[in-house]
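Any read-out appearing in this document is the output of simple, stated calculations on the displayed coordinates, not a laboratory observation. The shown structure was predicted, so the numbers you read here are calculated from the model rather than taken from an experiment. Note that we place each Cβ from the backbone using ideal geometry, even for glycine, and neighbour counts take in every protein chain shown.
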Amino acid sequence: SGLRSLAPADGLALFDAAGTLHQPLLVPAALDVATISRRAATDGVPPLLRGLVRPGRRGAAQGAAASRADAAALRGRLAAAPDEQRESILLEHVRQEVAAVLGHRDVGTVEAERDFGELGLDSLTAVELRNRLNTATGLRLPATLTFDHPSAAALAAYLAEQLAKILAAAPAGGGASTAAGGPAAGRPTAIGPQEGPLSELYQALCARDNFAAAAQLLVVASALRPVFGAADSARHAVPTLQLAEGPKLTEGPELTEGPARHRLICFPAMSAISGPHEYARLGTLLRGERDVFVLPSPGYDESDHVPIDEPTYIEMHVREVTRLVGDEPFVLVGRSMGGVVAHAVAAELENAGITPSGLVLVDSYPPESATREGMADWWLTAMITGMLDRVDRYQMVWSDASLTTMGAYVRVFNGWQAKPVAAPTLLIRAADPLRRTIIDPADPDGWQAYWTTPHTTVDVPGEHFSILEEHSPTTVAAIRQFIDSLA
């Protein structure tokens, strides 16, 4: 199993030590590292340990070759199969991939009609599943894939529909790889960053620890992206996603009055790997309790335009929030740079006479942090390193488009200052620092998230990214407690 037995004295000593760490859900254990390493070489890291161990990566050539071979085999089956059989082939493949990303050996644990959230798919595993299916099918699948098609059956039906269009348009004798969206069709077939000239330059600068130049590169390159102004913002808005649904008015006043009525309107961060998936676990935890919506930002698709300035971007979100909430009470939530968006939207809503019940900032820092005294030496380095760690560890997809989108929003919010808002504000801070954070002994908490307008602060377990990943239950509990205080 990879665990060694503990003598009673050792177990009691670990129990006593755990009580001094102020961390929930600790498991005192003696790991048999040698056994775990041997098994990981063939079976991967056990699911319970994946949050502690960075899995080794296959060499690029070996991984790419295996991916191409598996993808070619699947596409060959799909191209040769009658139309009515393709969906069942895809359903079996989707179930296998879901089981793989969840760490299950038995595909029978993945019921075809069961919601992905109920199966345990979260923000990171949703991204991994999308990447695997990108490779297997040759399709360019959206970041919202598992939200739009939230079960294996629904996802297989969608994939079958998309592949049918490609197969129907393929020239006779084009071959399975081309017909099913292989390289000749101009679609990505590799897991991980979609390499482009900007991606290569950015990674080269980061590899040399020149993070300031890497960030500036994206800002400059973002000027090449097409832009939209206020008059066209409705046409360029990305559709809102609903991650959770609360009780209906027909279910009785005890369920539809008070804190449960508050809808959550969430804004993701704005890095190259950001998107609605960041709120996957939060949405799962709040299902049946309240409505949860996520408002994505335009730019992450190659065909997207980016907003020309901050007023255009914020007004686009203000219009959508107004439509979503109607006369119902609501709370705005923003993670990381999404907190800047949430605050700016709150200020504009209040100018229009609409006051949010509350504003939640999830480990958000103002844009000034990159140059703030005491933070300038490490903040940008730690944030970009944290993003790169996730790209490496979870094989997350980025592209020149997503990198220039990150640069565009840095440019749009350059010099932004938070305006005072009437909405009660909660700043949720990560209790653990990111790798490469520099902690000043004279100010041991000075590295933590801060805000420049009045707010209440609560610290939760985890670091900047993990507080909405494996530590999301405690983060959601903090949000619940805040909403309860608003009643």
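Structure values in brief
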read-out: In Hz, Karplus ³J(HN,Hα) per residue of region 82-96 (6.51, -1.76, 1.60; θ = phi - 60°; x = Gly, Pro); value: x, 3, 6, 9, 5, 5, 5, 4, 5, 4, 5, 5, 4, 4, 5
read-out: Nearest-0.05 FRET efficiency for residue 393 and residue 29, computed from C-beta distance (R0 22 Å); value: 0.50
read-out: Nonlocal amide H pairs with residue 431, under 5 Å, H built at 1.01 Å; value: 460, 462
read-out: Long-range HN-HN contacts of residue 335 with modeled amide H, under 5 Å; value: 267, 269, 362
read-out: Inter-label distance for residue 435 and residue 352, nm, one decimal - labels placed 7 Å from Cα along Cα-to-Cβ; value: 4.2
read-out: Extension reserve of the residue 200-residue 12 stretch, reckoned as 0.36 nm per residue once the Cα distance is removed; value: 62.5 nm
read-out: Rounded FRET efficiency, nearest 0.05, which uses the C-beta distance separating residue 118 from residue 89 and R0 of 22 Å; value: 0.35
read-out: Computed label-point distance, nm, for sites residue 111 and residue 162 using a 7 Å Cα→Cβ extension; value: 2.6
read-out: Karplus-derived 3J(HN,Hα), 6.51/-1.76/1.60, for each residue of region 100-106, Hz, glycine and proline x; value: 5, 6, 8, x, 9, 7, 9
read-out: Phi-based couplings in Hz for region 361-370 (Karplus 6.51, -1.76, 1.60; Gly and Pro marked x); value: 10, 9, 6, 9, 10, x, x, 5, 4, 5
read-out: Amide H within-cut-off set for residue 426, under 5 Å, with H built and near neighbours excluded; value: 359, 360, 361, 456
read-out: Inter-label distance, nm, simple model (7 Å from Cα along the C-beta direction), residue 485/residue 443; value: 2.4
read-out: Nearest-0.05 FRET efficiency for residue 224 and residue 377, computed from C-beta distance (R0 25 Å); value: 0.20
read-out: Order of 320, 289, 118 - criterion: other Cβ atoms within 10 Å of each residue's Cβ, fewest first; value: 118, 289, 320
